[in-house]
Structure formats: structure tokens, C-alpha cells
Amino acid sequence: SMGREIQLEVQHHVIAQANQDSVEQVLTSLLNNAQKYSPADTPITVKLAAVGKTLTLAVADQGIGVPDAEKDVIFGRFYRTSNVRNTVAGNGLGLAIVHQLVTLSHGQIVVKDNQPQGSIFEVILPRQ
């Protein structure tokens, strides 16, 4: 249990051919990160939407965000952003594993800025 408000914006009847364990692990890891790097009194939003031949799964928080200069490198093994390196516990493997799972599912993952603050981790997967 997260003890946290999670807002769901889920499109109905979205079907995809994906490894259930992988998708579950990706979602769990992204939710754990969102909880770890954002204030306890702010909600986390999970969105699921299908567009054409892809589906997008997004986890958005209102935390400290990821510096622009580091957005391309945070999926590397053992990488930790400069703004959390000495303040939040972690081994820098979570996003590397997420990236690997998404890649094995023939998808891609990107991080974007949330408004007014925080991060959106967006996983794009093929639907068939």
C-alpha cells in the first residue's frame, strides 16, 4: 500500500499484447519512484491511452523533476540524478531495469516535465 492518492485516467477497453509480468514490474517501479521523489501530500497520476497501433502508459508526479541535461542518461545503470544523489536512498538500477523491460517489449520510455512541477514517465508500447 502506498498511502498516497493515485489518480487514474484510464481509457476503457485498451488491449495490448504485452508480457503481463513486465508491464506490472514497470508500473510498480515507476510508482515507487514517483512516491520516493515527490511530497507525500501530492497525488500521483497514472494514465493509460491507446492511439493507433500504440498504447501509452504514463506515471506523473509533482516531485523534484529531472534536470533537462540528465533526461537522456537517467536510464543508464547506476545513474542517479545530481539533485538526489546524496539525499534519497537508491542504487540507480530501477530505471535501468524499467528501460530494459520496455525495450524487450519493443517499446520506448521517455521522461518529460510535469506542470507545474515534477516528472512524467511515459512508456509507449506496440498494441500487437
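The values are calculated or read from the model by the stated rules, or taken from the named source; none is laboratory data. Quick caveat: nothing in here was measured; it's all calculated off a predicted structure. Glycine gets a Cβ as well: all are built from the backbone with ideal geometry, and neighbour counts include every protein chain shown. When the accessible area is computed, the model is the full protein with side chains, heavy atoms only, and any ligands, DNA or RNA have been set aside. Shrake-Rupley method; radii C 1.70, N 1.55, O 1.52, S 1.80 Å.
General observations
- For Ser29, the conditions (1) over 15 Å from Arg127 (Cβ atoms); (2) loosely packed, with under 11 Cβ neighbours inside 10 Å; (3) in contact (Cβ under 8 Å) with a residue 60 or more places away in the chain all hold with the exception of (2).
- Only one entry in Ile44, Ile64 is touching a residue at least 40 places away in the same chain (Cβ under 8 Å), farther than 20 Å from Gln108 by Cβ and open to solvent by 20 Å² or more (accessible area, probe 1.4 Å), namely Ile64.
- Comparison of Gly52, Gly3 shows that the only residue that is at positive phi and open to solvent by less than 70 Å² (accessible area, probe 1.4 Å) is Gly52.
- Checking every residue in the range 26-33 against the condition of being out of contact with any strand residue (DSSP E or B) (no Cβ under 8 Å at 6 or more places or on another chain), at pLDDT below 90 and not in a strand (DSSP E or B) gives zero matches.
- Candidate set from the range 34-56 (those that are in a loop (DSSP other than H, G, I, E, B) and closer than 21 Å to His99 by Cβ); member that is modelled with the highest pLDDT: Ser38
- Residue pairs whose Cβ atoms lie under 7 Å apart, sitting 6 or more positions apart in sequence or on different chains, and linking a residue in the range 107-127 that is at positive phi and part of a loop (DSSP other than H, G, I, E, B) to a partner that is open to solvent by less than 40 Å² (accessible area, probe 1.4 Å) and modelled with pLDDT of 95 or more, are Gly118/Ala60; Gly118/Asp61.
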